[in-house]
Amino acid sequence: MQSQSHRFKQNVSVALEDVSLQKALSRVQEGFVDKRAAVVSTLPEFEQLREQGREIRNHVLDHLDFYLRRFENRVQALGGQVHWAENAEQARDIVRDICRRVEAKTVIKGKSMISEEIALNEALELDGLDVVESDLGEYILQLAQEPPSHIIAPAIHKTRAQISELFYNAHQKLGYTKKLDTVPDLVNEAREVLRSRYLEADVGITGANFLVAETGSNIIVTNEGNGDLSCTLPRVHIVTASIDKVVPTLDDASALLRLLARSATGQEITSYTTFSSGPKRAGDADGPDEYHVVLLDNGRTEMLAGAFRDMLRCIRCGACMNHCPVYGAIGGHSHRWGYPGPIGSVLTPNFLGLEEAGDLANACTLNGHCASVCPVKIPLPDLLREHRRRQFERKLQPLPARLALAAWAGIARRPWIYQPLMATGIGMLRLLSRGRGKFKSLPMLGAWTRTRDLPAPQSRTFQTLWKKQRGKR
Amino acid sequence: MADSARDRILGRIRAVTGSKDGENPGLRISQPPLLIRPRIPSELLPRFVEKLELGGGSISQVAEHAGIPAEIGRFLDAEKFPATLRAAPALRNISWGDGLEVSYGSSDGGDLVSVTPAFCAIAETGSLLLVSGEDSPTTLNFLPDVHIVIVESDQLLAHPEDAWAKLRELGQVPRTVNVITGPSKTADIEQTLQIGAHGPRKLHVILVHPE
Ligand code: SF4
């Protein structure tokens, strides 16, 4: 997928005016935020589990080479193959080569963010392969030719009517000629259409929520059972995973899975947690003949060595995004690249560069909700601030913004200018707002107030109040 | 080429982790530390039933193996499904009687109802753990509309960690381990929960529980 992160600002204006998107985003609150709060409140150990989750992930990062080699060793012992890719292109080539060698025609896919990251579908389609997404949300987006807008519910921005239209257009040639309008009917039609695609697929490609070093297994969690079929029915199973996905043992995986489902969908556990280890064994009734794991670096070893190391603890639950007020206002498409929300704002500049994706970090209000819900305690606001600091250092922000910040810093460091200036300014703003408490628009700040209201200052400056308060004692 | 990518990636990691040697990470695998397990405030069986039903599954109990066929017949009748089963070969020693039409083996997608044994069940989450093998095809867990799982009461464990201990006794993990909690579902269209996305629309447990 072509990244559109540099078009972030334009995309945001479009998103804010998109009525069906705004309706869909309002469902994030109910569907994810409230459900998570409810399920967390019934588990007294949750805070301890978060701390433990942080420790497990840190331990892995401290010994990442050991666990990766151990994982590789186990997969090989079971008859599977491990492939290493330094970047997206190498990863794509590995998968393309396997598909070519086994003379694949159809590929069925479980949900995989790495597949998005390396733009795998496009590459396979160029090779003439028929690539089918099996996760219902991903399938809808494949028909719509759009990237996911949410990592757990990729098609959350699509309405029933839009989906009905997509199915009608795509499935007519298969004999489905009725336009459907209920959710059960739509799900059923997709079930029927995709069922035959599973059965005819030569290669199944899935992601991995975790890789287990102890056993050489990859773990996927789904509610639909789609990924599980994708790694069972085709004769070749390929797992695309990044190097940070490894965990030491099955016990460690369980400890993290307790956090994952609760943080992601507000469930205690998803319908299916599937562990695949190597190809099918001699005598097994079913399962694939070949098992491959593609381990992708793509900038992660650099993150390991630098200021963004904490981000590698991420278990991709999406809670930070569900609790993000900016995501709640504009959705994931404004980011226009694999990872939306706060994770995207931190990760994408690491993968694509600050020049391409720096705006993402600037949209953050540093309110801190994301860090307070993150199941592995990633200090997301600190990491976003680090991107901003680097942008400023490298003079990547627009000149007016940099000048304004420099002027602000100059004034704020000089109390004898700052204090009288603020007192006057605040008094004036209060007068101008005429008691309405906020500004719908402000001269010269039209670009800012078009999509926001500026609250009018409450009373006097903090310093004035502080002095008065102290005087009272 | 692939090899050199491997060496470069591991080399870059080593450059960072090398300074942190000292503790032996292999120990975490040979002697896994005791991690936090959520306390289960009740007996295991009621907990298992509560969580299974929360996930959308259902359960009935029989006192002995001989009662299984009749119980399956009753369930299918009540749910208006035909009495035709695709069973895991591991269940060959059950005498099904005349009421049910039973065939054995993996599924090609044409079966409405499957019956499989469980490896164990997990009370914490109301889950069933099923493993692949010669006698237990994985396709039976996903392709039929109704999935019936036979669980023995002594297979009920508290936590997944207990299941891993049992799995380790096999020496090698089976190719596929499925932890199943309720039927297949999706909320991908307008966040509306719909049962039966790609997998079974019904998950029913028959617990063999001698008094
Ligand atoms: S950063 Fe934390 S909250 Fe966000 S997706 Fe990753 S693990 Fe979840």
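Derivation of every value follows stated rules applied to the coordinates shown; laboratory data play no part. Here the structure is a predicted model, which means the values were calculated and not measured. Here the Cβ is made from the backbone with ideal geometry for all residues, glycine too, and neighbour counts use every protein chain on show.
Per-residue ellipticity at 222 nm computed for the protein assembly as shown from its helices equals -13000 deg cm²/dmol, with DSSP H segments shorter than 4 residues left out and the rest contributing -39,500 (n - 2.57). Which residue fluctuates most in the GNM of chain B (Cα springs below 10 Å): B:VAL149, B:VAL115, B:VAL16? Most flexible of the set in this elastic network: B:VAL16. Do the alpha carbons of any pairs in A:LYS245/A:LYS377; A:LYS35/A:LYS111; A:LYS280/B:LYS80 sit beyond 24 Å of each other, and which pairs? Checking Cα-Cα distances, A:LYS280/B:LYS80 exceed 24 Å.
What percent do you get for the relative contact order of segment A:185-322 when only Cα pairs under 8 Å and 6+ apart count?
Values: 218 pairs, mean separation 37.0, N = 138.
Contact order relative to length: 27 percent.
Note down the net charge around A:GLY53, summing +1 for each Lys or Arg and -1 for each Asp or Glu among other residues with Cβ under 9 Å from its Cβ. It works out to a net charge of +4. Here r is the Cβ-Cβ distance between A:THR182 and B:ASP7 and R0 is 60 Å; the resulting FRET efficiency, rounded to 0.05, is 0.60.
Just checking the listed ones, B:ALA15, B:ALA83, B:ALA158: in the Gaussian network model of chain B with Cα springs under 10 Å, the one fluctuating most is B:ALA15.
Looking at segment A:168-233, which trypsin sites (Lys or Arg not before Pro) are in a loop (DSSP not H, G, I, E or B) and have at most 15 other Cβ atoms within 10 Å? Show your work: numbers first, answer last.
Details: sites: A:LYS173, A:LYS178, A:LYS179, A:ARG191, A:ARG195, A:ARG197; in loops: A:LYS178, A:LYS179.
Those satisfying the criteria are A:LYS178, A:LYS179.
The equivalent ellipsoid of the protein assembly as shown has semi-axes of 47, 28, 26 Å, largest first, where each one is the square root of 5 times an eigenvalue of the Cα gyration tensor. For A:ASP135, the residues 5 or more places off, or on other chains, whose built amide H falls under 5 Å of its own are A:LYS111. The phi torsions of segment A:149-165, fed into the Karplus equation with coefficients 6.51, -1.76 and 1.60 and a -60° offset, translate into couplings of 10, 8, 6, 9, 10, x, 10, 4, 7, 8, 8, 4, 4, 5, 5, 4, 4 Hz, rounded to whole numbers, with Gly and Pro shown as x. Between B:ILE148 and B:SER114, B:VAL115, B:THR116, B:HIS204, the built amide H atoms are under 5 Å apart, and every one of these is 5 or more places off in sequence or on another chain. Taking label positions 7 Å along the Cα-Cβ direction at both A:ASP382 and A:ASP18, the computed distance is 3.4 nm, reported to one decimal. Peptide A:74-86 has a mean of 3 when you count, residue by residue, the C-beta atoms of other protein chains within 10 Å of its C-beta. Absence of a disulfide-compatible partner, taken as no other cysteine beta carbon within less than 4.7 angstrom, is noted in the protein assembly as shown for A:CYS99, A:CYS231, A:CYS314, A:CYS317, A:CYS324, A:CYS364, A:CYS374, B:CYS120. Sorted largest first, the principal axis extents computed over the alpha-carbon atoms of segment A:145-240 equal 50, 29, 23 Å.
Counting, for every residue in A:212-224, the Cβ atoms of other protein chains within 10 Å of its Cβ and taking the mean gives 5. Modelled spin-label separation between A:SER41 and B:ALA78, with each label point placed 7 Å from Cα along the Cα-to-Cβ direction: 3.3 nm. Within the same chain, aspartates and glutamates fewer than 8 places from A:LYS158 are excluded, and of the rest, those with a Cα less than 12 Å from its Cα are A:ASP18, A:GLU138, A:GLU146, B:ASP188, B:GLU190.
Amide hydrogen proximity for B:LEU156: with H placed 1.01 Å from N in the peptide plane, the residues at 5 or more positions away or on another chain lying under 5 Å are B:ALA121.
Past 23 Å, Cα to Cα: identify those pairs from B:LYS51/B:LYS202; A:LYS105/A:LYS179; A:LYS109/B:LYS185, in the order given. Present the calculation step by step, with values, prior to reporting the outcome.
Working: B:LYS51/B:LYS202 15 Å; A:LYS105/A:LYS179 30 Å; A:LYS109/B:LYS185 18 Å.
Distance filter (> 23 Å) returns A:LYS105/A:LYS179.
Mean-square fluctuations from a GNM of chain B, with a 10 angstrom spring cutoff on Cα atoms, peak among B:ARG28, B:ARG86, B:ARG74 at B:ARG28. On the basis of the beta-carbon distance and an R0 of 56 Å, B:GLU53 and A:GLU355 show a calculated FRET efficiency of 0.55. Under the convention that each Lys and Arg Cβ holds +1 and each Asp and Glu Cβ holds -1, the size of the dipole of the protein assembly as shown around its Cα centre is about 4880 debye.
Taken one residue at a time, the phi angles of segment B:30-38 give Karplus couplings (6.51, -1.76, 1.60, θ = phi - 60°) of 6, 10, x, x, 6, 9, 5, 10, x Hz. Gly and Pro are set to x.
Averaging sequence separations of C-alpha pairs under 8 Å and six or more residues apart, then dividing by the length of segment B:43-208, give the relative contact order as a whole percent.
Numbers: 358 pairs, mean separation 47.0, N = 166.
Relative contact order, segment B:43-208: 28 percent.
Only beta bridges with both residues in the protein assembly as shown are counted; by DSSP, about 35 percent of them are antiparallel. Among the residues of A:286-294, the average count of other protein chain beta-carbon atoms within 10 Å of the residue beta-carbon is 3.
Phi-derived couplings, Karplus 6.51 cos²θ - 1.76 cosθ + 1.60 at θ = phi - 60°, listed residue by residue for segment B:156-162: 7, 10, 6, 10, x, 4, 5 Hz, with x used for Gly and Pro. Site pair A:ASN169 and B:SER103 shows an inter-label distance of 4.1 nm when each label is modelled 7 Å from Cα along Cα→Cβ.
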